[in-house]
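Engineer: My questions all concern the structure below.
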Amino acid sequence: MLTFKSFTGINNTVPSQRLMHDQESKTAELASAVNVDIGLAGEVRRRAGYSELLATCHKNLHQAKGFMLATVDGGDLISMNSAGGSRVTLYPSLGVSRVWYCNLPDGRTAFSNGLIRGITDGSTVTTFGVPIPSSIGALTPVSGDLFPGDYRYQLTYVRLADGLEGGPAYSEPVAVPDGGIVLTGLPELAGHKINVYLTSHNGEHAFLAGSTTNGAFSFTGKNDKLILPCRTDFMYPAPSGSIMAFYGARVLIAVGPVLYASRPNGWELFDIRRDFKQFTDDITMIQPVDDGVYVGTTTELAFLAGAEFDKLTYRQVLSGRVALGSGVQVRGELVQSGQGSAMICIADGVICAGFNGGSLVRMTEGRYSTDVAEVSATFRMVDRIPQYIAIPQ
């Protein structure tokens, strides 16, 4: 049995026989310490136990705004209230892959396992963005008041639950000699209507011609009735990514080595042609602070400085792997002597703290290192003591 007057922490970088842990030492270190809490004065206490809320194995836990998300049993995504009692199955058979989350300002939470993605309010689920129509149907020219010429049309889905419109599917030019069109075989989608946009004769930009809730549509009016432009040109729903975060009124999503951003305040619309940042290796962390975003990959930790995604400037702050899932947000005053927003992660084998401006502190340099590649991490306060917890996956 060892009794410490002042426990000074873990040190696994020197041989255990060289650690100072005799009772007369003013300092004392251990190579590992399991199921204990360390007080602000260096005292060691046995970690408190826990009580079981549900006799079900939970994975992918996430604290949303007013509810908890988790996967259980065969991979069902569920929500629970704060007491763990009320349970709602949101998405059955989501699978066994790790689920990533992002809390949105409106109280909903986006989720993705890299293949299946959605948004939930804890009771219902919608798709993460409105899909693009898979086909465009067929156009038949009829008599009408349109000027003769070549026309293109576009189809978009509009979600009836909230009026959100997705990106369009585009037709090839079609000759309209007699002034009217009839569209048939349109791709119906439950819970959505179809908006039909039509260019002017021999034109490029499409304007709203009308809507339909079935597979047919016709337009025989004049060209001056085509006024409202399509505002979702070249937009896409959220890409099938993994790690997500919210910064600068946008949702950020990692797909391999590419960081995509949604439109500002349009969290379910993505312009994948222009709103992205390319890294050299797969992204393992996205962690915003007040004036930028820390992005970790399998080979580096970078800081993207700035308030607007289009104007973010890249700077490498550390060379080395950032452990997947290790990034967490924390108030700066709880870490070292920082201020404002901060983050903690495992980078280059040590626990690091990143602050505003891209300032990085290797907190466990020379004392603790790990080769862990993936963790599930969180930051919490227990008896006013800050704790960073990273569980290997």
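The values are calculated or read from the model by the stated rules, or taken from the named source; none is laboratory data. Just so it is clear, the structure is predicted and the values come from calculations on it, not from any experiment. Note: ideal-geometry Cβ built from the backbone for every residue, glycine included; neighbour counts use all protein chains shown. Note: areas computed on protein heavy atoms with side chains; ligands, DNA, RNA excluded. Shrake-Rupley method; radii C 1.70, N 1.55, O 1.52, S 1.80 Å.
Engineer: Can you list the residues, at least 5 places off or on another chain, whose amide H is less than 5 Å from the amide H of Val289, using H built in the peptide plane?
Structural biologist: So Val289 has HN proximity to Tyr294.
Engineer: Also: List every residue whose amide H lies under 5 Å from the amide H of Thr297, counting only residues 5 or more places away in sequence or on a different chain, with H placed 1.01 Å from N in the peptide plane.
Structural biologist: Close amide H contacts, sequence-distant or interchain: Thr284, Ala302, Val322.
Engineer: Further question: Carbon and sulfur together cover what percent of the accessible area of the chain at a 1.4 Å probe radius?
Structural biologist: That share works out to 52 percent.
Engineer: Give me a comma-separated list of calculated 3J(HN,Hα) values for segment 184-201, in order, Karplus coefficients 6.51, -1.76, 1.60 applied at θ = phi - 60°, integers in Hz, x for any Gly or Pro.
Structural biologist: 10, x, 5, x, 5, 9, 4, x, 9, 9, 10, 8, 10, 10, 9, 6, 6, 4
Engineer: HN-Hα J couplings of segment 260-269 from phi, Karplus 6.51/-1.76/1.60, θ = phi - 60°, integer Hz, Gly and Pro as x?
Structural biologist: Going residue by residue, I get 9, 10, 6, 5, x, 6, x, 5, 10, 10 Hz, with x marking Gly and Pro.
Engineer: Given a Förster distance of 45 angstrom, what is the FRET efficiency for Thr370 paired with Ala190, based on the Cβ-Cβ distance and rounded to 0.05?
Structural biologist: FRET efficiency, Thr370 to Ala190: 0.40.
Engineer: Apply the Karplus parameterisation 6.51 cos²θ - 1.76 cosθ + 1.60, with θ equal to phi minus 60°, to every residue of segment 105-112 and state each ³J(HN,Hα) to the nearest whole Hz, in sequence, with x for glycine and proline.
Structural biologist: Couplings: x, 8, x, 8, 10, 8, 9, 7 Hz.
Engineer: Percent relative contact order of the chain, based on C-alpha pairs within less than 8 angstrom and at least six residues apart?
Structural biologist: RCO, the chain: 9 percent.
Engineer: Please calculate how many Å² of accessible area the chain carries per residue, with a 1.4 Å probe and no DNA, RNA or ligand atoms counted.
Structural biologist: Spelled out: the 1.4 Å probe surface of the chain, per residue, equals 50 Å².
Engineer: If you don't mind, another one. Averaged across orientations, what area in nm² does the convex hull of the alpha carbons in segment 259-340 project?
Structural biologist: 6.1 nm²
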